[in-house]
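The structure under discussion appears below in the form of structure tokens.
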Amino acid sequence: MSRLPFLTLLLCALSLPSLAQRTATLAQDIKLPEGFEIELLYSVPKDKEGSWVAICQDNKNRCIVSDQYGSLYRFPIPAPGKTLDPATIEKIELEIGHAQGLCYAFDSLYVVVNSRNSKTGSGVFRLLDTNKDDTFDKIVTIKKLDATGGEHGPHAIMLTPDRKNLIVVMGNQTQLPKDFTHSRVPKLWGEDQLLPRSAHFMKGVTAPVGHIAKIDPEGKTWEVLATGFRNPYDAAFNRDGELFTYDADMEWDLNTPWYRPTRVNHVLAGADFGWRTGSAKFPAHYRDSFGAAVDIGPGSPTGVCFGYQTKFPVKYQNSLYVCDWSYGKLYAVHLEEKGSTYGGTFEEFASATPLPLTDILVNQRDGALYFTVGGRRVQSGLYRVTYRGRESTAAVSSGPPKVNLPRARRGALERLLQKDSPAIGAKRLDRVWMALGSPDRGIRHAARAALETQPVNTWKNRLAGEKNPAIATAAFIALARADGKSSANSIISGALSFKYAELPSKQLRLDLLRALTLTLARGGQPEGGATKRLIAFLDQIYPAVSPEENRELSAMMAYLQAPSAVAKGLMLLENASGQEEQITYAMNLRFLKKGWTPKLRTKYFRWFVRAGNYQGGARFKNYLGDFKNDAVSSVPDSDKTRALTRIINTKPEGGPQFGGEPRKLVKMWKMDDLQGLLGAGLEGGRNHANGRKMFGAGSCYVCHRFNNEGGAVGPDLTSVSGKFSPHDLLESIIEPGKEISDQYGASIFHLQDSKQVVGRIMNLKGDTYQVTTDMMKPSATTKIKVETIKSIEASPISMMPPGLLSTMSDEDILDLLAYLLSAGNPKHELYQN
């Protein structure tokens, strides 16, 4: 977590002549790491050249850009120290524009149009210079695309590392072409939900959408590489030939159990990354999907590129640069090999208020980084970043990729997903089968996908004698997806043969539960006595230790209408520490018909009263309303007593209360009160379950993410143990304004009428900013017209409120610190993988 000293904040005031002059944010107002410099090369006249959202470089050291709602333009890259001369900008005089992807390749310009209102419609097009006079004069249609409108259509296009083909990146409002030639993703896509979802965006849309494809230069082939994205705008290959993208969150879902922050994905061939509408999104641990390499946080992902061939220090040459449009951040992501795939960290590289980044590239000739800002008709500009510091900028060797045996093994399995791949014989099938048990997630994923492409009858019988739980659970998942209806009874019998409590990790237990869920979702309730046997098995293990397991178990128990589902689900609901976990159980209880008593119904509907004060994204209240309406509809008329009706109609009062009983003030703690306890007090076996409970009691879940739970408007605390000592962590909680993270700092907007608004820009459109003013209410925004702003300066006050520990005892606080500092420790059941 980057931390900005208080003094620096006071020196960061912005005079904002740029606002009065309608120019892009001035270079002097953009924060960069030490040694870097930035130039504003051009402030785009909106009335003439629009707002630029895509940029590429041609073979003559010229840039080509696109206005989101208009034309394409071309200009020479300015010499060092020079700005862009408007006279050198030429409009491309063809009836094409509205592009969100540009790539100069094969002596032509590839243009990806995302607009139903353009002359061409949405799709991939190629501009040719047929008479070699340096003027594009012909448009060739490569592929028309069915994009339903908005900004989730087709986006970036880029060359493959071998420079023989192209990659196209598409959001989830782009339909898979009906004439696609091949899919490396097994064509077994489904929604895989046991209970009806709640959705308030793109209702009725089903998988597969949000995909990345490979095409040949003429567009004769369209090969689907991966699906299940929400809205990635761009992608880039690293030196090893591995593809990465930066996918969007759904800000309306903030503080729900299914919220996924913006994230860098390693785009594995054959992967479904699990986006589904509304509450149906796949969590990161599903093994028929694939998680993130790096979670970033809330934002609007746009351009992506690696820093190769920049004249930057080595660390930044190797960085993956990802642009966040809404919060005005350019992140440098530092990827690290993690077996056959990648993990990593990130830092804020460039930021300002506003800085709506749209696209980015490296100019190989001058070693500088160029990016555009714009989009949605906001003020647009072109910038150049160079390094003038003391560190060496010697080029990192770009020799042949170093040997990575796990990656090579994964690659060999993924080649089985390619079109015209040779049939898998018995010996190769043996290798695929053994790879299902690999501890490497990438290898295991590739093996499962490869298995799913083979006829079920060639491998189904192998499960009968399989004793390795890692192999068996992966094969159960594959069989459920490929043949769930016919093989349901055999999958259930096989799964129930394993002793759940003796499975060696939480992840294997989750895999077993996922296999059962998929079997029920695709095969329906099993026939004969299998349902009773399954309920008896689930009853023995429910509730489990971890929230992830209980999410799956509560859904299955509800789907099967298990007699104990109500009592056990309500117990979990009452004891859950944060609103996300509580919503999970409330959501899964809503259709249950059996097991209710007047007392249990009263508890359930009192939770909805309490939850009325919970806060989240723009559709948070709608989701809760859906669940409550479903729950009310499930109550028989005979059970709708006056007392119950009164509770159902009760309006919430006061602020959020995450526990069943109100908490009392213990003390307004200060650092001096607790410093002496940090040494010995954190040694030995602290109560991590209570620490997790305190994370909810202190309202931490509202803003912070931890182990894939919680909000995202504040820093993700999962890796806090590697960044903070116990003293620093406690200080950041008790005195949140002492040091403020660059990434989450607020701004003070001084208005012309002498009023002030304090918060963070979270969205922009035209000449209006939408500012979040309360982190505890992420959907509550204030609209500010640009012309009403006098100046903007960084706020020296943290948006994190003080006093969050005031209802805890000193022992509770120590448990909370121990819980946060031990994330990832395999000794603790809560973190087992």
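The values are calculated or read from the model by the stated rules, or taken from the named source; none is laboratory data. The shown structure was predicted, so the numbers you read here are calculated from the model rather than taken from an experiment. Positions of Cβ are generated from backbone atoms using ideal geometry, with glycine treated the same way; all protein chains shown enter the neighbour counts. Calculation scope for accessible area: heavy atoms of the full protein, side chains included, ligands and nucleic acids excluded. Shrake-Rupley method; radii C 1.70, N 1.55, O 1.52, S 1.80 Å.
For the chain, just say rounded, prolate or oblate: build the C-alpha gyration tensor, square-root its eigenvalues into a ≥ b ≥ c, call rounded for a/c under 1.5, and beyond that prolate if a/b exceeds b/c, oblate if not. Can you show the working numbers first?
Numbers: a/c = 1.70, a/b = 1.21, b/c = 1.40.
Oblate, because a/c is 1.5 or more while a/b does not exceed b/c.
If you find the alpha carbon centre of the stretch 204-238 and of the stretch 135-195, how far apart are they in angstrom?
Result: 4 Å between the Cα centres.
Please report, as a whole percent, how much of the solvent-accessible surface of the stretch 330-384 comes from carbon and sulfur atoms (probe radius 1.4 Å). Provide the component values of the computation, followed by the final result.
On the way: 610 of 1470 Å².
That fraction is 42 percent.
Out of the trypsin sites (Lys or Arg not before Pro) in the stretch 747-825, which ones are loop residues according to DSSP with at most 11 other C-beta atoms within 10 Å?
Values: sites: LYS755, ARG760, LYS765, LYS783, LYS785, LYS790; in loops: LYS755.
Sparse-neighbourhood loop trypsin sites (Lys or Arg not before Pro): LYS755.
Take the alpha-carbon centre of the stretch 357-374, take the same for the stretch 426-485, and report the distance between them in whole Å.
Taking the Cα centre of the stretch 426-485 as reference, the centre of the stretch 357-374 is 44 Å away.
I want to check the label-to-label distance for ASP672 and GLU37. Put each point 7 Å from Cα in the C-beta direction and report it in nm to one decimal.
Reported label-point gap for ASP672 and GLU37 is 4.9 nm.
Before anything else, pin down the relative contact order of the stretch 245-383: Cα pairs under 8 Å, at least 6 apart, normalised by residue count, whole percent. Working shown, then result.
Details: 307 pairs, mean separation 24.6, N = 139.
Reported relative contact order: 18 percent.
Within the stretch 384-520, how many Lys pairs that are eight or more residues apart, or on different chains, come under 26 Å at the alpha-carbon?
The result is 11.
Could you give the accessible area per residue of the chain, probe 1.4 Å, as a whole number in Å²? Write out the running numbers ahead of the final one.
On the way: 33400 Å² over 833 residues.
Here the per-residue accessible area is 40 Å².
Classify the stretch 90-204 as rounded, prolate or oblate from the Cα gyration tensor: take a ≥ b ≥ c as the square roots of its eigenvalues, call it rounded if a/c is under 1.5, otherwise prolate when a/b beats b/c and oblate if not. Write out the running numbers ahead of the final one.
Values: a/c = 3.08, a/b = 1.83, b/c = 1.69.
Taking the square roots of the gyration eigenvalues as a ≥ b ≥ c, the stretch 90-204 is prolate.
If I model a spin label at ASN404 and GLU502 as a point 7 Å from the Cα along the Cα→Cβ vector, what separation in nanometres do I get?
3.7
Run the quick spin-label model on ASN165 and ALA780: label points 7 Å from Cα toward the beta carbon, then report their separation in nm to one decimal.
Here the modelled spin labels are 5.1 nm apart.
Which of the pairs LYS48/LYS91; LYS91/LYS143; LYS132/LYS164; LYS594/LYS628; LYS143/LYS220; LYS91/LYS329 have their Cα atoms more than 19 Å apart in this structure?
Values: LYS48/LYS91 11 Å; LYS91/LYS143 24 Å; LYS132/LYS164 22 Å; LYS594/LYS628 17 Å; LYS143/LYS220 9 Å; LYS91/LYS329 29 Å.
The answer is LYS91/LYS143; LYS132/LYS164; LYS91/LYS329.
If you roll a 1.4 Å probe over the stretch 499-654 with all protein chains in place, what percent of the accessible area is carbon or sulfur? Provide the component values of the computation, followed by the final result.
Details: 3320 of 6440 Å².
Within the stretch 499-654, the accessible surface is 51 percent carbon and sulfur.
Near SER122, within a Cβ-to-Cβ distance under 11 Å, what is the net charge of the other residues, with Lys and Arg +1 and Asp and Glu -1?
Working: positive: ARG116, LYS143, LYS144; negative: ASP146.
Charge balance near SER122 sits at +2.
Quick one: longest stretch of the chain between exposed loop GluC sites (Glu not before Pro), exposed meaning at most 14 other C-beta atoms within 10 Å and loop per DSSP? List each step's numbers first, then the result.
Numbers: sites that count: GLU34, GLU93, GLU95, GLU191, GLU218, GLU391, GLU527, GLU653, GLU683.
Answer - 219-390.
Going by Cα centres, the stretch 268-347 and the stretch 30-106 are how many Å apart?
A separation of 25 Å, based on Cα centres.
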